[in-house]
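Trainee: So that we are looking at the same thing, I have put the structure below in structure tokens.
A short reminder: the numbers here are calculations on the coordinates, not readings from a lab. Here the structure is a predicted model, which means the values were calculated and not measured. Methodologically, a virtual Cβ is constructed for each residue, glycine included, from the backbone with ideal geometry; neighbour enumeration extends over all protein chains shown.
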Amino acid sequence: MALQSIDPTSTKAWKNLRKNYENSKGNHLRDLFAADPNRAIAFSLQWNDFLVDFSKNRITKETLALLLQLADEVDLKDAVQKYFSGDRINVTENRAVQHTALRAKKTATVLVDGENVIPEVYEVKEHIKTFSEAIISGKKKGYTGKPFTDVVNIGIGGSDLGPEMVIKALQFYKNHLKIHFISNVDGDLVHEVLQELNPETTLFVIVSKTFTTQETLTNATTIKKWFLKQAQHKDIADHFAAVSTNTKKIAEFGIAAENVFPMWDWVGGRFSLWSAVGLSIALAVGYDNFDTMLSGAQQMDEHFRTAEFDKNIPVVLALLSIWYNNFYNAETEAIIPYSQYLSRFSAYLQQGIMESNGKSVDRSGQRVDYQTGTIIWGEPGTNSQHAFFQLIHQGTKLIPVDFIGFKKSLHGDVEHHNKLMANFFAQTEALMNGKTPEEVYKELEGLKLSEEQIQKLLPFKVFEGNKPTNTILIEQLTPKSLGALIALYEHKIFVQGVIWNIFSYDQWGVELGKHLAGTILKDLQNSEIADHDGSTMRLLQAFKS
Ligand code: F6P
């Protein structure tokens, strides 16, 4: 069954949230903390080795209660049940949304169109295991009998961002295989990467859910040609694997049947790293680590599915995001992991969040008259502190930030880790408290500046503070905690989509550009240019001249 269509702005909670916003927008977080010494306890959640502190948000207990009421009024409970039970909630593509089935336990039953998909999921997992283990151990060899040294993942969007992000995140757990990513159709990238490779010892994994994506097929074809300059056609069987729902197209490309990994249309590209799309992850860190990551996600699924909404991390974080997006008119959210390993985490979430919730038509087909999908951005701390934090601290825009940090580092360098985490905690404190004119005055007075100098400098040194942050403090970056962290944001996306009354699992917005690129490619290849607007026409003429 499809999700219900309920306009969130028609709910009682929404109207009361508006009032709550009007009454509370003048509050300063400093005062909220002074008024309630237990605030950090009331507004935090402990789940397994995750501590999520959301007390540094511009909310009162009443705000949170109203946000939770909003979730009830749009019947989030019913939506969650449909999400997990294989209903075709991706209505515009007529598909179920079952990436959670990919990490379900072997004993689970997940019905898609009346059929339990778990045995098939586990069959593919077994294939990922045997294949990756044979490559890592050197049992499976290249066409000249040498073990593999390099793996190239050829894919784009969800067929690239997830594996790339995870392999960077789990670098500590990596084996000897060097993993490369070719996504962009920019030929300079392919040729740069190929320069580093020896065809005798390189495995190519072509990942494309549809196997029709121009970028991926162009890159794969270029690579195949390069490979065949040295190897023979029969050697493709040893060096190319493919992951796709489109097994017919894979066969046409010449991939040997034993190197074909199926995918399912009930898994969206941006949620697919848990499937064979994650083959390069299993190759990089070994199947056991890959599987442990899946089990971390499965635990988060269980938490999301069963915890009461007020104790439910994805639900609470989604509601807070809605609070700023729809009441404070905040347009963007920053995600700042204090771990260099998570350097691609925000880029990965950009696709997950913005491709899912960048919609302006509601589930009844009407244009919405409220804001939906947030803009996501971020880079690891502390680097970002020395780049764009100025704007978060003293700019004119309100930017809620998620801070993600770990109690223990992986290499165990306590001196470094304490410095890293001192910055982590200092930033959320500084963003919240800011610095008052009185504090600045005292500081400048202490520097023995004249009254005139103090008055001149003072306005520039004041920090308003009152900047909202969530702190997600996790024990350590492990395959398990990473799996749970990714799943947390996946469920946050779902909750927001439900509340905004949009369809989160299609992506029609990327089609028009693809179509036009096809038309323009003909203009570039042919002598005649078809009719375009004046600007595009002039640019095409300049390009061809
Ligand atoms: O164009 C967007 C998109 O469809 C993404 O949703 C998807 O992850 C990406 O392209 C790649 O698609 P495919 O895996 O089918 O090549």
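Trainee: For region 95-217, state the average projected area of the convex hull of the C-alpha atoms over all orientations, rounded to one decimal in nm².
Mentor: 9.4 nm²
Trainee: In 10 Å bins starting at zero, report the fraction of Cα pairs in region 1-107 per bin as a rounded %.
Mentor: 13, 28, 30, 22, 8, 0
Trainee: Per 5 Å bin, what is the whole-percent P(r) computed from every C-alpha pair distance within region 195-253?
Mentor: Spelled out per bin, shortest first, that is 4, 18, 31, 25, 15, 6, 1.
Trainee: Testing the spin-label approximation: label points 7 Å from Cα along Cα→Cβ at residue 453 and residue 426. State their distance in nm.
Mentor: Going by the 7 Å Cα→Cβ label model, 2.4 nm.
Trainee: Let me ask you something else. Between region 48-100 and region 391-444, what is the C-alpha centre distance in whole Å?
Mentor: 29 Å
Trainee: Would you be so kind as to identify which of 284, 239, 214 lies farthest towards the positive end of the dipole of region 119-290, taking Lys and Arg as +1 and Asp and Glu as -1 on Cβ and the Cα centre as origin?
Mentor: 239
Trainee: Rounded to the nearest Å, what's the spacing between the alpha carbon centres of region 103-175 and region 297-368? Just the number, please.
Mentor: Each part reduced to its Cα centre gives a spacing of 26 Å.
Trainee: Report the normalised scattering of region 119-290 as log10 I(q)/I(0) at q = 0.13, 0.17, 0.18, 0.20 Å⁻¹, calculated by the Debye formula with identical scatterers on the alpha carbons.
Mentor: Once normalised to I(0) and log-transformed, intensities are -0.55, -1.01, -1.15, -1.50.
Trainee: How high is the relative contact order of the chain? Use alpha-carbon pairs under 8 Å, at least six apart in sequence, and give a whole percent.
Mentor: Relative contact order, the chain: 19 percent.
Trainee: Counting residues in the chain as N, plug N into 2.2 N^0.38 Å and put the Cα Rg over that result.
Mentor: Ratio of Cα Rg to 2.2 N^0.38 Å: 1.06.
Trainee: Shifting gears a bit: Given 25 °C and 0.890 mPa s, how large is the Stokes-Einstein diffusion coefficient of region 427-545 in µm²/s, with Rh as the Kirkwood radius over Cα pairs?
Mentor: 115 µm²/s
Trainee: Counting only trypsin sites (Lys or Arg not before Pro) that sit in a DSSP loop (anything but H, G, I, E, B) with at most 13 other Cβ atoms within 10 Å, what is the longest stretch of the chain containing none of them?
Mentor: Values: sites that count: 25, 105, 106, 139, 229, 397, 448.
The longest such stretch corresponds to 230-396.
Trainee: Treating the angle as unsigned and between 0 and 90°, give the value, to the nearest 10°, between the Cα long axis of helix 214-228 and the longest Cα principal axis of the chain.
Mentor: Helix 214-228 and the main axis of the chain meet at about 40 degrees.
Trainee: If one computes P(r) from the Cα atoms of region 247-334, what percent of pairs lie at distances over 18 Å?
Mentor: 66 percent
Trainee: Output needed: percent of Cα pairs per 10 Å distance bin for region 363-407, bins running from 0 to the one holding the longest distance.
Mentor: Pair shares across the bins are 19, 41, 20, 16, 4.
Trainee: Where the convex hull is taken over the Cα atoms of region 283-381, what is its projected area averaged over directions, in nm²? Present the calculation step by step, with values, prior to reporting the outcome.
Mentor: Working: hull surface 34.2 nm².
Quarter of the Cα hull surface area: 8.6 nm².
Trainee: Give the cross-link partners of residue 61 among the aspartates and glutamates, using a straight C-alpha distance below 20 Å as the criterion and excluding same-chain residues fewer than 8 apart.
Mentor: Within reach: 22, 31, 36, 53, 72, 73, 308, 310.
Trainee: Now for a different question. Using the Cα centre as the reference, give the magnitude of the dipole from point charges on the C-beta atoms of region 33-109 (Lys, Arg: +1; Asp, Glu: -1; all else neutral), rounded to the nearest 20 debye.
Mentor: I would put it at about 360 debye.
Trainee: How far is helix 479-500 tilted, in degrees, relative to the longest principal axis of the Cα atoms in the chain, given as a value from 0 to 90 rounded to the nearest 10?
Mentor: 70 degrees
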